[in-house]
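K.L.:
My structure is below; once you've seen it, I'll send some questions.
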Amino acid sequence: MPVPTEDVFRIEDLRIRAGKKELLKGISLSLRRNEILSAIGPSGSGKTTFLRCLNRLTDLEEGLTIEGRVLFKGKNIFDPETDAIELRRKVGMVFAVPMPLPMSIRDNLMLPLRLQSNSLEEDADGRIETCLRAAFLWDEVKDRLSLAATSLSGGQQQRLCLARSLMVRPDVLLLDEPCSGLDPISTAKIEEALQGLKKVMSVVLVTNNVKQASRTSDRTAFLLMGELVELGETGQIFTNPRDSRTGDYVSGRFG
Ligand SMILES: Nc1ncnc2c1ncn2[C@@H]1O[C@H](COP(=O)(O)OP(=O)(O)OP(=O)(O)O)[C@@H](O)[C@H]1O
Ligand SMILES: [Mg+2]
């Protein structure tokens, strides 16, 4: 029986190895409801690996050994009876490079609904509007939903991908450096969107921009070489870190 829990995810001693190399060295943390949790750390610290583990995208990689438990709503996602496709519906993901499919804006948004066989949305147009508004894109595309998604700017494409991930009403949204290629205005729109989204879901934001973590997230986790060095309220991590390595990283003295 699933254990009732206030936390959406509870990660217990998560270890990932590729051969002899340890990518994650025993990570334990919880993701709360309605929070934005940032994961920061230098390149190669395991942020993407950690994120991909949460919706089992790591299944798609050969040669990884995973130990520990990842409880999503009290149930271990690595249990044989967990359906990875169903998990990925509840735990959506937005990648660094926007990947709209070569079809219209509307069809990009409809695709996740069409793939979800068990429930056909009655009011698809209403859902599209809601998700585009949540992604701060509605006003820019409402008159051209039948145009190719690839005709949008990079920043608009990223917001479209965000809207697309919302169509199936996920409980958790994973974002891997979603603003890395974006200008400050598009970045601000994504950050504003996340503030709205956390009212209805939990967000894990991997970012290599520490300022983005500090202005956007409720709590921040600092990873270094596969180790969770420190996790705390974002204010504490940035003003009063317990570990000197965290202080060095957030103040830019690292390396
Ligand atoms: N499938 C794999 N096999 C072997 N090594 C891997 C694999 N995936 C990731 N790694 C290694 O694990 C380490 C962590 O990688 P990861 O992509 O998680 O880092 P990251 O913190 O996201 O870095 P960046 O900020 O550059 O995106 C790196 O050294 C990487 O080369
Ligand atoms: Mg990465």
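The values are calculated or read from the model by the stated rules, or taken from the named source; none is laboratory data. Nothing here was measured: the structure is a model prediction, and the numbers come from that model. Glycine also receives a Cβ, built like all others from the backbone with ideal geometry; neighbour counts cover every protein chain displayed.
K.L.:
Go through (1) closer than 25 Å to residue 7 by Cα; (2) in contact (Cβ under 8 Å) with a residue 12 or more places away in the chain; (3) away from ligand 2 (no atom under 16 Å from the Cβ); (4) in contact with a strand residue (DSSP E or B) (Cβ under 9 Å, 6 or more places away or on another chain) for residue 51 and report which single condition fails.
P.N.:
(3)
K.L.:
Do we find that residue 24 is within 16 Å of ligand 2 (Cβ to nearest atom), crowded, with 17+ Cβ neighbours inside 10 Å and either touching a residue at least 40 places away in the same chain (Cβ under 8 Å) or not aliphatic (A, V, I, L, M) (or both) in this structure? Write out each step before concluding.
P.N.:
Values: within 16 Å of ligand 2 (Cβ to nearest atom): yes; crowded, with 17+ Cβ neighbours inside 10 Å: yes; either touching a residue at least 40 places away in the same chain (Cβ under 8 Å) or not aliphatic (A, V, I, L, M) (or both): yes.
Judged against the criteria, residue 24 is a match.
K.L.:
Only strands (runs of 3 or more DSSP E) wholly contained in segment 189-233 count here; list those with 1 or more residues that are crowded, with 22+ Cβ neighbours inside 10 Å, away from ligand 1 (no atom under 16 Å from the Cβ) and on the phi < 0 side of the Ramachandran plot.
P.N.:
Answer list for segment 189-233: 202-206.
Table: residues versus (1) within 15 Å of the chain's Cα centre (by Cα); (2) more than 14 Å from residue 94 (Cβ to Cβ).
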{"position": "123", "(1), (2)": "no, yes"}
{"position": "136", "(1), (2)": "no, no"}
{"position": "157", "(1), (2)": "no, no"}
{"position": "166", "(1), (2)": "yes, no"}
{"position": "177", "(1), (2)": "yes, no"}
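K.L.:
Looking at 89, 17, 69, 106, which is the one that is in contact with a strand residue (DSSP E or B) (Cβ under 6 Å, 6 or more places away or on another chain) and away from ligand 1 (no atom under 16 Å from the Cβ)?
P.N.:
Just a single option satisfies the conditions, and that option is 69.
K.L.:
Let me ask something additional. Which of the residues spanning segment 126-144 are surrounded by 19 or more Cβ atoms within 10 Å (Cβ to Cβ) and part of a loop (DSSP other than H, G, I, E, B)?
P.N.:
Correct list: 135, 136, 137.
K.L.:
From 143, 176, which residue is within 16 Å of ligand 2 (Cβ to nearest atom) and at pLDDT 95 or above?
P.N.:
On the way: 143 fails: within 16 Å of ligand 2 (Cβ to nearest atom).
The match here is 176.
K.L.:
In segment 14-58, how many residues are in contact with a helix residue (DSSP H, G or I) (Cβ under 9 Å, 6 or more places away or on another chain), polar (S, T, N, Q) and in a strand (DSSP E or B)?
P.N.:
So the answer is 1.
K.L.:
Select from segment 88-123 the residues that are in a helix (DSSP H, G or I), farther than 20 Å from residue 152 by Cβ and modelled with pLDDT of 90 or more and list them in ascending order.
P.N.:
88, 89, 90
K.L.:
Next up: Residue 122 is checked against (1) without any contact (Cβ under 8 Å) to a residue 24 or more places away in the chain; (2) closer than 27 Å to residue 27 by Cβ; (3) surrounded by fewer than 16 Cβ atoms within 10 Å (Cβ to Cβ) and fails just one. What number does that condition carry?
P.N.:
Going through the list (1) without any contact (Cβ under 8 Å) to a residue 24 or more places away in the chain; (2) closer than 27 Å to residue 27 by Cβ; (3) surrounded by fewer than 16 Cβ atoms within 10 Å (Cβ to Cβ), residue 122 breaks only (2).
K.L.:
With the requirement that a residue be under 20 Å from the mean Cα position of the chain (by Cα), more than 29 Å from residue 14 (Cα to Cα) and surrounded by 16 or more Cβ atoms within 10 Å (Cβ to Cβ), what does segment 63-110 give you?
P.N.:
100, 108, 109
K.L.:
Of the residues in segment 62-100, how many are within 16 Å of ligand 2 (Cβ to nearest atom) and farther than 19 Å from residue 167 by Cβ?
P.N.:
So the count comes out to 3.
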